[in-house]
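Asker: After the structure tokens below, expect a handful of questions from me.
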Amino acid sequence: MVPSLKRLQSNGKSLFLAYDHGLEHGPSDFNSRNVDPSFVMELAVKGKFNGVVFQHGIAERYYTGKVPLILKLNGKTALSKGEPFSPLVSSVAEAIDLGASAVGYTVYLGSGNEPQIFSDFAKVRQDAHAANLPVIAWVYARGSSIKNDTAPDILAYCARVALELGADMVKLKHGSKFGWTVKCAGSIPVVVAGGMKDAGFLKMAADAMKSGASGFAVGRNIWQGDDPLSLVKELRKIVFS
Ligand code: FBP
């Protein structure tokens, strides 16, 4: 039996606030306000997000339990070189201890390290499903064999791989012909990453929802903004109405 996504959705749609960037990109994404994880935790509550995405260290010290926690189980820095690989830095058992409602894992499709990535993912999926915890796969095509990570055929492949590997939800970048990408994910919901802060974000969001996306797991476009809650209000209209 696949785990229920009920705790992570409102009417089948989801809005997650992602804040794992301190590990993935380093503090260059932050300013003096959003460098404080408490600011983002509070934003997740005030914005009525369906989940907040933290790495273990942040969750342990700053998670208040007021919105569902999605614990990222793997991660890497922007400084690591070579074919992409994001090692496990936490476990399903730790996610349960922290009160997580789901776990997240980044798959680098096409990486020279795909065999290790797939086998780490399988272990996460087995442990999570044994505990009735959903697994959200971030699937990004990366590595020397990937020329364009948002080409329609590549994004569709990312979506399908999440379904094949047994993820319960997939997080993807947005791209053209996104309706086909969503179709390739079968019955698993597709949530879209926000990317760098961009004036066209809400338009992209509307396009993604029209193509069948089930919501967003967005970070920088929200917490880097001057008035994050106003943007959340607009985004909520797009996702939930
Ligand atoms: P953003 O909305 O800020 O793009 O966050 C989504 C996310 O998937 C984060 O969870 C993750 O840290 C980051 O993007 C990864 O970005 P990159 O594309 O540089 O690997």
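Asker: Of all residues in region 44-95, which are touching a residue at least 60 places away in the same chain (Cβ under 8 Å), out of contact with any helix residue (DSSP H, G or I) (no Cβ under 8 Å at 6 or more places or on another chain) and open to solvent by 20 Å² or more (accessible area, probe 1.4 Å)?
Answerer: GLU83 - this is the single residue of region 44-95 that is touching a residue at least 60 places away in the same chain (Cβ under 8 Å), out of contact with any helix residue (DSSP H, G or I) (no Cβ under 8 Å at 6 or more places or on another chain) and open to solvent by 20 Å² or more (accessible area, probe 1.4 Å).
Asker: What are the pairs, 6+ residues apart or on separate chains, where a residue within region 128-145 that is more than 17 Å from SER86 (Cβ to Cβ) has its Cβ under 7 Å from a residue that is of a type outside the set (D, E, K, R) and assigned to a strand (DSSP E or B)?
Answerer: As it stands, the answer is LEU133/ALA102; LEU133/VAL103; PRO134/ALA102; PRO134/MET169, since those pairs meet every condition given.
Asker: Answer yes or no: is there a residue in region 109-117 that is assigned to a helix (DSSP H, G or I), open to solvent by 10 Å² or more (accessible area, probe 1.4 Å) and either within 18 Å of LYS81 (Cβ to Cβ) or β-branched (Val, Ile, Thr) (or both).
Answerer: yes
Asker: Related question: Residue check: is ALA206 outside any loop (DSSP other than H, G, I, E, B) and of a type in the set (A, V, I, L, M, F, W, C)?
Answerer: On the way: outside any loop (DSSP other than H, G, I, E, B): yes; of a type in the set (A, V, I, L, M, F, W, C): yes.
Against the criterion (outside any loop (DSSP other than H, G, I, E, B) and of a type in the set (A, V, I, L, M, F, W, C)), ALA206 qualifies.
Asker: A follow-up question, please. Here are the criteria: (1) within 15 Å of the chain's Cα centre (by Cα); (2) surrounded by 20 or more Cβ atoms within 10 Å (Cβ to Cβ). Tell me which single one GLY195 does not satisfy.
Answerer: Of everything listed in (1) within 15 Å of the chain's Cα centre (by Cα); (2) surrounded by 20 or more Cβ atoms within 10 Å (Cβ to Cβ), GLY195 misses just condition (2).
Asker: Do we have ALA100 as aliphatic (A, V, I, L, M), modelled with pLDDT of 95 or more and part of a strand (DSSP E or B) here?
Answerer: Values: aliphatic (A, V, I, L, M): yes; modelled with pLDDT of 95 or more: yes; part of a strand (DSSP E or B): no.
So ALA100 fails the test.
Asker: Related question: Does GLN9 fit the bill of being within 15 Å of the chain's Cα centre (by Cα), closer than 24 Å to SER214 by Cβ and away from the ligand (no atom under 11 Å from the Cβ)?
Answerer: Details: within 15 Å of the chain's Cα centre (by Cα): yes; closer than 24 Å to SER214 by Cβ: yes; away from the ligand (no atom under 11 Å from the Cβ): yes.
For GLN9, the condition - within 15 Å of the chain's Cα centre (by Cα), closer than 24 Å to SER214 by Cβ and away from the ligand (no atom under 11 Å from the Cβ) - is met.
The values are calculated or read from the model by the stated rules, or taken from the named source; none is laboratory data. Fair warning: this is a prediction, and the values are worked out from it, not measured in the lab. Counting neighbours? That spans all protein chains shown, and the Cβs are built from the backbone with ideal geometry, glycine included. Note: accessible area is taken over every heavy atom of the protein model, side chains too, but ligands, DNA and RNA are not part of it. Shrake-Rupley method; radii C 1.70, N 1.55, O 1.52, S 1.80 Å.
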